[in-house]
Amino acid sequence: MSIIIGVLEEGLIYAVLALGVYITYKILDFPDLSVDGTFPMGAAVTAMLITKNVYPAATLFIAFFAGAFAGSLTGFIHVKLKVRDLLSGIIMMTALYSINLRIAGKANVAIYNKETIFDNAFLDRMIPPAVKPYMTVILLLVITIICKVILDLYLKTRSGYLLRAAGDNEVLVTSLAKNKGMVKIVGLAIANGFVALAGCIYCQQKGFFEISTGTGAIVIGLANVIIGTKVFRRGIPMKATTSVILGSIVYRTCVAVAIAMGMAASDLKLVTAALFLFILVISSYKGRKVSAHA
Amino acid sequence: MLELSHIEKYYHAGTVNEMCMFHDFSMKITEGEFVSVVGSNGSGKTSLLNIICGSIPLDAGTIAINGTDITRMPEYRRQKRIGRVYQNPAMGTCPNMTILENMSLADNKGKLFDLRWGTNKRRIDFYREQLSFLGLGLEDKLDVKVGVLSGGQRQAMALLMSTMTPIEFLILDEHTAALDPKTAEIIMELTGRVVREKHLTTIMVTHNLRYAVEYGSRLVMMHQGTMIIDKAGDEKAAIQIEDILDKFNEISIECGN
């Protein structure tokens with residue numbers, strides 16, 4: 001049971017990250033590596049704020065805006081300074097490593113003894129002891145669903161339409177008398193906002209900030225998105241955002257299974273990479289079969 | 001009125017491949033004119049459109065619309081007053097969005113894309129009416145993704161979308177060239193109707209000499225960055241396909257083809 005809860009908790013945290021990656025990778029068609037920097041950035045900001053006794057729920061919003069700011073810088077580098085998309089992300093990711101250390105003060109910051117959104121006096125008073133073990137997962141589910149609904153609603157607004165158009169057909173955005181560069185910057189900002197929010201939740205759930213948590217965040221995000229959009233949406237019709245969340249949980253399950261089969265915790269990144277490769281090969285194989293029929 | 005004055009455009013300037021596209025090129029297009037532009041490949045037809053739209057920069061010269069200098073205006077800002085249909089039907093629509101979403105996008109051209117709903121439900125009837133004007137039955141497929149439509153259907157939608165909001169110029173960039181002859185005919189007829197009904201000033205580049213002769217109030221033939229034929233009014237009305245074809249052959253012999 002505790003394994004299932006653990007998988008769900010991790011899956012839901014990474015689902016928020018995956019919603020962000022979904023925006024850049026699927027909607028904007030922009031391989032955004034700055035995610036490896038903005039995810040720990042969300043965690044660093046949170047650890048710093050919580051040690052300064054900032055109200056834990058407020059850190060969610062502050063982390064989002066910090067990530068959005070970093071994302072818009074990636075966009076600025078790409079759009080205004082005309083650096084290739086992949087390189088803009090790498091530049092931002094590398095710069096953020098040092099910036100995150102500055103924000104947090106050091107490479108490890110523990111916040112075990114501090115109040116977080118998952119562990120505070122208010123919850124202690126309100127929640128009966130029987131529900132306690134499930135409290136974190138319930139809270140995570142609520143946060144993830146709120147994020148999903150907000151993103152779904154946003155994509156139905158005029159601004160959201162334009163974002164989708166920018167990924168679909170840049171020329172049309174210009175034809176609509178809109179600056180496609182600005183649309184990309186907005187998209188990157190929102191995406192990295194979600195990623196940093198995931199980092200914030202991750203930090204509060206684990207009770208610490210650790211500089212290396214960002215390594216491979218983009219791979220996890222991409223794996224979640226690809227499992228979700230390639231595997232799930234073939235069967236049952238559902239919103240892409242829903243499938244991305246499910247993809248995230250499935251991916252965590254796969255990782256948990258690999259660990260249970262005797263891999264050491266230090267092998268986690270290897271497992272992550274191998275699984276991602278496996279998913280890519282499987283999904284492109286499926287894609288090829290489809291195009292062969294077309 | 002659109003005014004191009006003393007345009008200079010070089011490709012690969014400063015290299016051994018330097019090529020002069022336009023040298024001291026000037027052209028005036030008055031309001032309500034429908035200009036058909038023909039010419040061989042590399043004669044400067046598409047470059048002309050790209051210069052008007054701002055897709056490529058100029059080396060010298062000025063462009064003005066109704067007296068306002070737009071030479072330095074970025075492409076996306078010019079598009080507020082210009083509608084453009086491309087040769088490739090995929091360029092004018094978003095394949096992964098539905099017909100309704102595409103129509104909504106086009107309807108909001110030039111307006112603020114803020115957090116209001118992308119589709120205004122009260123406009124749906126208007127979109128239906130506009131789509132039925134095409135006569136392709138698209139008004140009953142509002143929730144279908146544009147990507148599954150045929151090239152002809154997409155081009156018809158692109159034409160509709162680019163002329164939905166009030167524009168001053170319609171730019172047609174070989175917009176029937178990628179379609180089969182029958183679909184091309186339908187799109188061309190549709191173009192004629194849209195231009196007439198909305199009184200649009202139009203510039204159409206085409207390789208189809210018959211369209212150039214049948215449609216439009218002015219005919220221009222481009223060769224090596226200059227207009228070697230430029231006829232309007234009665235002179236244009238009297239022109240025959242054979243006349244243009246002869247001129248074409250003349251050029252080809254000159255070029256050694």
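Couple of notes before you dig in:
- Relative exposure of B:236, A:269, B:141, judged by other C-beta atoms within 10 Å (fewest first): A:269, B:141, B:236
- Within straight-line cross-link reach of residue B:182, aspartates and glutamates at Cα separation under 18 Å, skipping those fewer than 8 residues along the same chain: B:174, B:214
- Between the listed residues A:104, B:23, B:133, the Cα displaced farthest toward the positive end of the dipole of the protein assembly as shown, a dipole computed from Cβ unit charges relative to the Cα centre, is found at A:104.
- Comparing A:130, A:274, A:121 in a Gaussian network model of chain A where C-alpha atoms under 10 Å apart are linked, the largest mean-square fluctuation is found at A:130.
- Semi-axes of the equivalent ellipsoid for chain A, Cα gyration tensor, largest first, Å: 30, 24, 19
- Largest GNM mean-square fluctuation across B:147, B:92, B:225, computed for chain B with C-alpha springs under 10 Å, falls on B:147.
- Most positive-pole-ward Cα, A:284, A:261, A:176, against dipole of chain A from beta carbon charges: A:176
- About the centre of its Cα atoms, the stretch B:2-255 shows a dipole size close to 1120 debye [charges on the beta carbon of Lys, Arg (+1) and Asp, Glu (-1) only; nearest 20 debye].
- Per-q log10 I(q)/I(0), the stretch B:2-255, q = 0.09, 0.10 Å⁻¹ (Debye; single scatterer per alpha-carbon; no solvent): -0.42, -0.52
- Straight-distance crosslink candidates among lysines, where the alpha carbon sits under 19 Å from residue A:206 and sequence neighbours closer than 8 are dropped: A:52, A:106, A:114, A:132, A:269
- Translational diffusion coefficient (Stokes-Einstein; Kirkwood radius from C-alpha pairs) of the protein assembly as shown at 37 °C, 0.692 mPa s, in µm²/s: 124 µm²/s
- Lysines whose Cα lies under 24 Å from that of residue A:80, excluding same-chain neighbours fewer than 8 positions away: A:26, A:178, A:180, A:184, B:80, B:109, B:111
- Here the sum of -39500 (n - 2.57) over DSSP H runs of 4 or more residues, divided by the residues of chain B, equals -10000 deg cm²/dmol at 222 nm, to the nearest 500.
- Largest GNM mean-square fluctuation across B:122, B:84, B:72, computed for chain B with C-alpha springs under 10 Å, falls on B:122.
No lab work stands behind these numbers, since they all come straight from the coordinates. Just so it is clear, the structure is predicted and the values come from calculations on it, not from any experiment. We place every Cβ from the backbone using ideal geometry, glycine too, and count neighbours over all the protein chains shown.
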